[in-house]
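Following: one structure in structure tokens, then a few remarks.
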Amino acid sequence: MTENIARIREGFGSHPVKLIAVTKNARPKQIEEAFQTGVTEFGESRVQDALTKIDVMPTWLKEKASWHFIGHLQNNKVKQAVGTFAMIHSVDSLRLAQEISRVAQIKNIKQAILLQVKMAVDPNKFGFEPQELKNCFAEIIKLPGLECKGLMTITPADATGSIRQECFMGLKRLRDELAEQTGVYLPELSMGMSDDWQQALQCGSTMLRIGTAIFHV
């Protein structure tokens, strides 16, 4: 696993990008090993799985690691998610943004979020349609308790290289357009996973969500 992480980091070159190690299929000892190689950002797609894993982590890791939520967040899990995760990558509807805002206000915190966009037709993925996000973005960024940091996307599982390229570059263009229209600083583009991170990196990704390519040994 250490070799996997080193190989991935070497592939980053001079790109300023954050590695989110996705721990869906990782054992606690593997998470500790990844941390000891310098990985400090971890991602989970289920709230309960994250809470269970965080609970068994040693104190020295808990104090320095950050956890990111990258899966579909149901409204009834928002209370647990807000404040637990440094960032919620997968805010896929206005309704969910409003619920996160409500809970963040109750907890008196600012919750960092990314807005998930469906850049290609895919019935298996959640997310805003690009035009839908344009229509409600101004409303989302006014919600108290939220700090919108950028956008996120997941490419279809069967996407070709050209479709992935369109998705990644389309997300970057959408981010730039929203930032220009509203004056809101949107530094993050969370795009790229184990099978397409190199292409995402070339298209401007700032956060790579990599699991299998790290923990599969």
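The values are calculated or read from the model by the stated rules, or taken from the named source; none is laboratory data. This structure is a prediction, so every number in the text was calculated from the model and none was measured. Positions of Cβ are generated from backbone atoms using ideal geometry, with glycine treated the same way; all protein chains shown enter the neighbour counts. Quick note on the areas: whole protein, heavy atoms, side chains included, nothing else; ligands and nucleic acids left out. Shrake-Rupley method; radii C 1.70, N 1.55, O 1.52, S 1.80 Å.
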(request) Only loop residues by DSSP count here, and only those with at most 16 other Cβ atoms within 10 Å; note down the trypsin sites (Lys or Arg not before Pro) in the range 68-163 that meet that. (result) K110, K142
(message) Give me the one-decimal Kirkwood hydrodynamic radius in Å for the range 17-117, with the sum taken over alpha-carbon pairs.
(response) 13.9 Å
(message) Rounded to two decimal places and with Rh computed the Kirkwood way over Cα pairs, what is Rg over Rh for the range 143-212?
(response) 1.01
(message) So for the chain, considering every pair of alpha-carbon atoms, how many percent are separated by more than 25 Å?
(response) 37 percent
(request) On the protein heavy atoms, probe 1.4 angstrom, tell me the percent of accessible surface of the chain carried by carbon and sulfur. (result) 49 percent
(message) Report the Cα centroid-to-centroid distance between the range 149-217 and the range 66-108 in angstrom, as an integer.
(response) 20 Å
(request) Take the cross-link list K53/K79; K79/K172; K18/K125 and give me the ones stretching past 21 Å between alpha-carbons. (result) K79/K172; K18/K125
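Provide the per residue accessible area, probe 1.4 Å, for the chain, rounded to a whole number of square angstrom.
Working: 10630 Å² over 217 residues.
Per-residue accessible area for the chain comes out at 49 Å².
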